[in-house]
1. Could you tell me whether any residue of the stretch 302-311 is within 16 Å of the ligand (Cβ to nearest atom) and on the phi > 0 side of the Ramachandran plot?
2. Pairs please, first residue from the stretch 143-156 and in contact (Cβ under 8 Å) with a residue 12 or more places away in the chain, second anywhere and outside any helix (DSSP H, G or I) and of a type in the set (Lys, Arg), Cβ atoms under 9 Å, 6+ apart in sequence or on different chains.
3. Please state which of the following conditions Gln369 fails to meet, knowing it meets all the rest: (1) over 23 Å from the mean Cα position of the chain (by Cα); (2) within 16 Å of the ligand (Cβ to nearest atom); (3) assigned to a loop (DSSP other than H, G, I, E, B).
4. Being within 12 Å of the ligand (Cβ to nearest atom) and acidic (Asp, Glu) is the filter here; which residues of the stretch 412-444 pass it?
5. What single numbered condition from (1) of a type outside the set (Lys, Arg); (2) within 24 Å of Gly338 (Cβ to Cβ); (3) not in a loop (DSSP other than H, G, I, E, B) fails to hold for Ile214?
6. Go through the stretch 445-494 and report how many residues are closer than 17 Å to Glu184 by Cα, more than 16 Å from the ligand (Cβ to nearest atom) and within 18 Å of the chain's Cα centre (by Cα).
7. Restricting attention to the stretch 312-343, which residues are within 16 Å of the ligand (Cβ to nearest atom) and β-branched (Val, Ile, Thr)?
8. Look through the stretch 432-447, keep the residues that are touching a residue at least 60 places away in the same chain (Cβ under 8 Å) and touching a Phe, Trp or Tyr at 6+ places or on another chain (Cβ under 7 Å), and return whichever of them is surrounded by the most Cβ atoms within 10 Å (Cβ to Cβ).
Amino acid sequence: MRSIIVLFTLFVSGFLTAQNLTTPALIPMPNQLIMKQGTIALTPIITYRIGQKTGTQIVFMDVKLGQKNAIAEVEMKLFAQSIKLWNATEIKYQFRIDKSLTHIDLIIDPTMDTAAYGLEITPQSIFLTASSNTGFFYAFQSLIQLIETASNQQLSALLILDKPQFAWRGMHLDCSRHFFTVDEVKRYIQLMSLYKMNVFHWHLTDDQGWRVEIKKYPKLTSVSAYRSGSMVGPYSDKKFDTIPYGGFYTQDQIREVVAFAAQQHITIVPEIEMPGHSLAALAAYPQLSCTGKSHEVGQAWGVYDDVFCAGNDSVFFFLQDVLDEVITLFPGKYIHIGGDECPKTRGKTCEKCQARIHENNLTDEHHLQSYFIQRMEKYLNEKGRQIIGWDEILEGGLAPNAAVMSWRGMAGGIAAAEAGHYVVMTPGNPCYFDHYQSKERTKEPHAIGGYNPLSAVYKFNPIPEKLAADKAKFIMGAQGNVWTEYMLNFPHVEYMAVPRMLALAENLWTLDETQSYNDFVVRLKANAVVLDRLKVNYAKHFLLPEEK
Ligand code: TNX
């Protein structure tokens, strides 16, 4: 214990960042890393690589008390399981107090930040230090990557002291335009966690399908979860098939995913779109639209004029009921209420909307949208939750406690941060992973447009230069968005998300002064063995010279 503290102190006072080929292939790059002399053989600690009948034995020890360390135990079991999962050998783990055995020491240091960890490898032992489960989990993720990329069953001696730069290291997945199974969603979450990402933004509702079971409104799944055809090919072709398409997650399945994510130290932010992008819900409950006419679940991508009617109190009661169920499913602080791309067309001629504008002395339909969001915010705040919404929620006045997800560039995020609101940066360029990752479009599967190469994701700075220094603290981090209009299956999602997700993970975890794109690419080439073993369908542009 003392030696590790002394080492850390030395380390902090004069750390160096290894940028040469001996740098371990860790992603994200740790913030403080010193390579040391010597190696430790993996075999006595983790025998899974040689696949003996005896299976794997991991010897853990709590040096401090010589007994079980409750904080670390759950993470240790998860670590043991991940190795088992990947190699299907039997795992035995046990706590030992015999210091002569090669072992993994788990040391609690209550002075460390929640997400911080230390990892020291000496020729005799491996020491993990953290103050919390999350810290131990991150230490284990680093250890897993080191083991996976080790050569000759040896780990180099080293010392890592690490913690993230940003608190919100997010990935989003649109499960409305195309539906992904529980196992696929879990795989996405698992991939995120390998690179220490910690927020999964689950886009659960949109015009083309409602994907979450709400017990009080069964038609949201029997009707809204299915469309009778889909757009095929590029949007400009305006072609459709007539194949029924849909699916939804039961509440039990949602709970299963939430629990799985929690184990991976990932918070899920569910998104329930309002007032726009709501056609699927209106198909089941047309009385909630301005016209009250019948609607069909959307088949074309894009934006629809029919949206929740802001002049109708039943809409609010309906959404409150929906959110009541949503908050029992998702324990996280934030609920995403959408707020994007809501045409004002219907509201302009809707008697109820106009009456609401008049009664509340609102200036126009933009203020009416703001009324809508503020009313929902009040409801959720009373339930102890915070709202986050796309940057259109700034129009007509931001709800008092809302956080903003800036997608139409950075301007919305800047305005929100300047007003003292929390912000997640996810500008289309470069955070939309539904955009092309190569200029050679003809060689790529059809994508929505744009060009967001790996290097642009890596070099993106979530803190705009324009932002006053004292407001930077409002930028919680950034997020990669995966809209799935043109991704019909999960391997295609993987192709678009990986490795751009890894570039973003490092961008958000590693301090700017320790970031180097060239070094990242070198490490990615070695780190890809992890992706290969998991059979991830990742894009391989990084193996070629960078596009000019
Ligand atoms: C805009 S980003 C949308 C989505 C689309 C996406 C396609 C946002 C808040 N709205 O509905 O899927 O563009 O890139």
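The values are calculated or read from the model by the stated rules, or taken from the named source; none is laboratory data. This structure is a prediction, so every number in the text was calculated from the model and none was measured. Cβ sites come from the backbone with ideal geometry, for glycine too, and all protein chains shown count toward neighbours.
1. Yes, that holds for at least one residue.
2. Short answer, once both residue conditions are applied: Ser156/Lys36.
3. (3)
4. The answer is Asp434, and nothing else.
5. Against the list (1) of a type outside the set (Lys, Arg); (2) within 24 Å of Gly338 (Cβ to Cβ); (3) not in a loop (DSSP other than H, G, I, E, B), Ile214 comes up short only on (3).
6. 3
7. Matches in the stretch 312-343: Ile335, Ile337.
8. Only one residue tops the list, namely Asp434.
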